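Some notes on the structure that comes next.
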Amino acid sequence: DAGVIQSPRHEVTEMGQEVTLRCKPISGHDYLFWYRQTMMRGLELLIYFNNNVPIDDSGMPEDRFSAKMPNASFSTLKIQPSEPRDSAVYFCASGGGHSGANVLTFGAGSRLTVL
Amino acid sequence: GDSVTQMEGPVTLSEEAFLTINCTYTATGYPSLFWYVQYPGEGLQLLLKATKADDKGSNKGFEATYRKETTSFHLEKGSVQVSDSAVYFCALSPDTGRRALTFGSGTRLQVQP
């Protein structure tokens, strides 16, 4: 398995633009998590899904953020409109199967810079 | 709510020195505890875990013991290498309810040759 695959690895955009981050979880994992990492706040959980259904989105900062999981092999995190304070590394992680939901495999992250 | 507190970094050690990174937690019930490691430019990787009190997790020379009485899960290694330089995150997963991990703030380890 190629692991959790995220794209793009780097994104530089201007304030007000729409940003879409993508994630392909490990096959067979039924949990998918989106985390955001910044120097100031560390790792924050944004949202997680179980069997493609959003379970807890209490970490989503505001209505500008939305996440979807249309099927078991794909998820997106969208920011519209983007703001400079959204600059961070966004990680997707998946878990489940024989390892259990709390043993996560992380992707390499998407580094977002909003100018 | 649940929380994890780690010692501030960076921790700078010489090669072959003994490592301890402190981690304490606040949670109800009996959470599972984890250490994850992040190398530069990469995502986090599971280093070790413990699922019940007095369990010892170990991997690659690293160890941590789940201490319920002190709510701690300190990471130790007897002899660090330059290749151990990374950021280490302590995390917990509750035994009921929300399945997501709660992470500490991370501790950067720098090992000098």
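Looking for something in contact with a Cys (Cβ under 6 Å, 6 or more places away or on another chain), at negative phi and in a loop (DSSP other than H, G, I, E, B) - is there at least one such residue anywhere in region B:83-92?
No, every residue in region B:83-92 fails to be in contact with a Cys (Cβ under 6 Å, 6 or more places away or on another chain), at negative phi and in a loop (DSSP other than H, G, I, E, B).
Kindly establish whether B:Y39 is of a type in the set (S, T, Y) and at pLDDT 95 or above.
For B:Y39, the condition - of a type in the set (S, T, Y) and at pLDDT 95 or above - is not met.
Among the residues of region A:8-20, are any closer than 21 Å to B:A91 by Cβ, surrounded by 18 or more Cβ atoms within 10 Å (Cβ to Cβ) and either within 14 Å of chain B (Cβ to nearest Cβ) or not acidic (D, E) (or both)?
No, the conditions are met nowhere in region A:8-20.
I need the full set of residues from region B:11-24 which are under 11 Å from the mean Cα position of the chain (by Cα) and under 24 Å from A:E44 (Cβ atoms), in order please.
B:I21, B:N22, B:C23, B:T24
Results for (1) under 12 Å from the mean Cα position of the chain (by Cα); (2) at pLDDT below 95; (3) among the aliphatic types (A, V, I, L, M), shown as yes or no for each residue.
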| site | (1), (2), (3) |
| --- | --- |
| A:C23 | yes, no, no |
| A:I55 | no, yes, yes |
| A:G100 | no, yes, no |
| A:T113 | no, no, no |
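Taking only region A:73-97 into account, find how many residues are closer than 24 Å to A:N52 by Cβ, more than 14 Å from chain B (Cβ to nearest Cβ) and not charged (D, E, K, R).
7
What are the residues in region B:31-63 that are in contact with a strand residue (DSSP E or B) (Cβ under 7 Å, 6 or more places away or on another chain), within 12 Å of chain A (Cβ to nearest Cβ) and assigned to a loop (DSSP other than H, G, I, E, B), if any?
B:P31, B:Y39, B:G43, B:T51
All but one of (1) within 11 Å of chain B (Cβ to nearest Cβ); (2) crowded, with 20+ Cβ neighbours inside 10 Å; (3) at negative phi hold for A:G109, so report the exception by its number.
(3)
Here is a list of conditions, (1) in contact (Cβ under 8 Å) with a residue 40 or more places away in the chain; (2) within 11 Å of chain B (Cβ to nearest Cβ); (3) in a loop (DSSP other than H, G, I, E, B); (4) not β-branched (V, I, T), and A:M40 meets all of them except one; can you say which number that is?
(1)
Restricting attention to region B:36-52, does a residue exist that is surrounded by fewer than 20 Cβ atoms within 10 Å (Cβ to Cβ) and basic (K, R)?
Yes.
Look at B:E8 and say whether it is of a type outside the set (S, T, N, Q), under 14 Å from the mean Cα position of the chain (by Cα), assigned to a loop (DSSP other than H, G, I, E, B) and surrounded by fewer than 13 Cβ atoms within 10 Å (Cβ to Cβ).
yes
Residues being under 12 Å from the mean Cα position of the chain (by Cα) and farther than 23 Å from A:G28 by Cβ: count how many of those fall in region A:58-89.
Number of matching residues: 8.
Could you tell me which numbered condition A:A67 fails, if it satisfies all but one of (1) surrounded by fewer than 17 Cβ atoms within 10 Å (Cβ to Cβ); (2) assigned to a strand (DSSP E or B)?
Among (1) surrounded by fewer than 17 Cβ atoms within 10 Å (Cβ to Cβ); (2) assigned to a strand (DSSP E or B), A:A67 violates only (1).
Would you point out which residue out of A:R85, A:R41, A:R36 is charged (D, E, K, R), surrounded by fewer than 14 Cβ atoms within 10 Å (Cβ to Cβ) and under 20 Å from B:V4 (Cβ atoms)?
A:R41
The values are calculated or read from the model by the stated rules, or taken from the named source; none is laboratory data. Just so it is clear, the structure is predicted and the values come from calculations on it, not from any experiment. Because the Cβ atoms are built from the backbone with ideal geometry, glycine has one as well, and the counts that use them run over all protein chains shown.
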